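Input: a single structure, listed below in C-alpha coordinates.
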Amino acid sequence: MWTRSAVTALESGTEDKAFYERKLKTAQFYMSYWTVQTRSLRKQVESSSELMTQLEEADFDL
(Lines give C-alpha, C1' and ligand atoms only; values in the text may rest on other atoms or scores of the structure.)
Protein backbone atom coordinates (compact mmCIF):
# COMPACT_ATOMS: atom_id res chain seq x y z
CA MET A 1 0.00 0.00 0.00
CA TRP A 2 2.75 2.47 0.82
CA THR A 3 4.21 2.02 -2.65
CA ARG A 4 0.91 3.14 -4.10
CA SER A 5 1.03 6.30 -2.00
CA ALA A 6 4.59 6.92 -3.21
CA VAL A 7 3.53 6.57 -6.84
CA THR A 8 0.56 8.85 -6.23
CA ALA A 9 2.80 11.45 -4.59
CA LEU A 10 5.26 11.35 -7.47
CA GLU A 11 2.49 11.62 -10.04
CA SER A 12 0.97 14.59 -8.25
CA GLY A 13 4.31 16.45 -8.21
CA THR A 14 5.41 16.16 -4.59
CA GLU A 15 8.08 18.52 -3.30
CA ASP A 16 9.92 15.58 -1.72
CA LYS A 17 10.54 13.63 -4.92
CA ALA A 18 13.79 12.03 -3.72
CA PHE A 19 12.11 10.63 -0.60
CA TYR A 20 9.37 8.87 -2.57
CA GLU A 21 11.81 7.60 -5.18
CA ARG A 22 13.86 6.02 -2.37
CA LYS A 23 10.71 4.41 -0.99
CA LEU A 24 10.03 2.80 -4.35
CA LYS A 25 13.61 1.58 -4.71
CA THR A 26 13.44 0.06 -1.23
CA ALA A 27 10.18 -1.70 -2.08
CA GLN A 28 11.67 -3.08 -5.29
CA PHE A 29 14.69 -4.41 -3.40
CA TYR A 30 12.63 -6.16 -0.73
CA MET A 31 10.20 -7.63 -3.24
CA SER A 32 13.02 -9.10 -5.31
CA TYR A 33 14.73 -10.40 -2.15
CA TRP A 34 11.63 -11.96 -0.60
CA THR A 35 10.48 -13.48 -3.88
CA VAL A 36 13.68 -15.52 -4.01
CA GLN A 37 13.49 -16.37 -0.31
CA THR A 38 9.88 -17.47 -0.58
CA ARG A 39 10.64 -19.87 -3.42
CA SER A 40 13.49 -21.40 -1.44
CA LEU A 41 11.44 -21.72 1.75
CA ARG A 42 8.57 -23.30 -0.17
CA LYS A 43 10.89 -26.00 -1.52
CA GLN A 44 12.19 -26.67 2.00
CA VAL A 45 8.67 -26.99 3.42
CA GLU A 46 7.52 -29.25 0.61
CA SER A 47 10.50 -31.58 0.88
CA SER A 48 10.31 -31.79 4.67
CA SER A 49 6.55 -32.42 4.49
CA GLU A 50 7.21 -35.57 2.49
CA LEU A 51 9.66 -36.74 5.14
CA MET A 52 7.24 -35.93 7.96
CA THR A 53 4.49 -38.07 6.45
CA GLN A 54 6.83 -41.06 6.55
CA LEU A 55 7.22 -40.84 10.32
CA GLU A 56 5.11 -42.94 12.64
CA GLU A 57 3.71 -41.70 15.94
CA ALA A 58 6.10 -44.00 17.77
CA ASP A 59 9.04 -42.21 16.15
CA PHE A 60 8.34 -39.26 18.44
CA ASP A 61 8.49 -41.26 21.67
CA LEU A 62 11.64 -40.62 23.60
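The values are calculated or read from the model by the stated rules, or taken from the named source; none is laboratory data. Here the structure is a predicted model, which means the values were calculated and not measured. Note: ideal-geometry Cβ built from the backbone for every residue, glycine included; neighbour counts use all protein chains shown. Keep in mind that these areas ignore ligands, DNA and RNA; they rest on the heavy atoms of the full protein, side chains included. Shrake-Rupley method; radii C 1.70, N 1.55, O 1.52, S 1.80 Å.
Structural remarks
- Looking at the chain, the accessible area is 94 square angstrom per residue; that uses a 1.4 Å probe and ignores ligands, DNA and RNA.
- Atom-type composition of the exposed protein surface of the chain places 56 percent of the accessible area on carbon and sulfur (1.4 angstrom probe).
- The GluC sites (Glu not before Pro) found in the range 11-40 that occupy coil by DSSP, while having at most 12 further C-beta atoms within 10 Å, are GLU15.
- Taking the Cα centre of the range 19-62 as origin and assigning +1 to Lys and Arg Cβ atoms and -1 to Asp and Glu Cβ atoms, the resulting dipole is close to 820 debye.
- With Cα atoms, 0 to 90° folded angle of helix 2-11 axis to the chain main axis: 20 degrees
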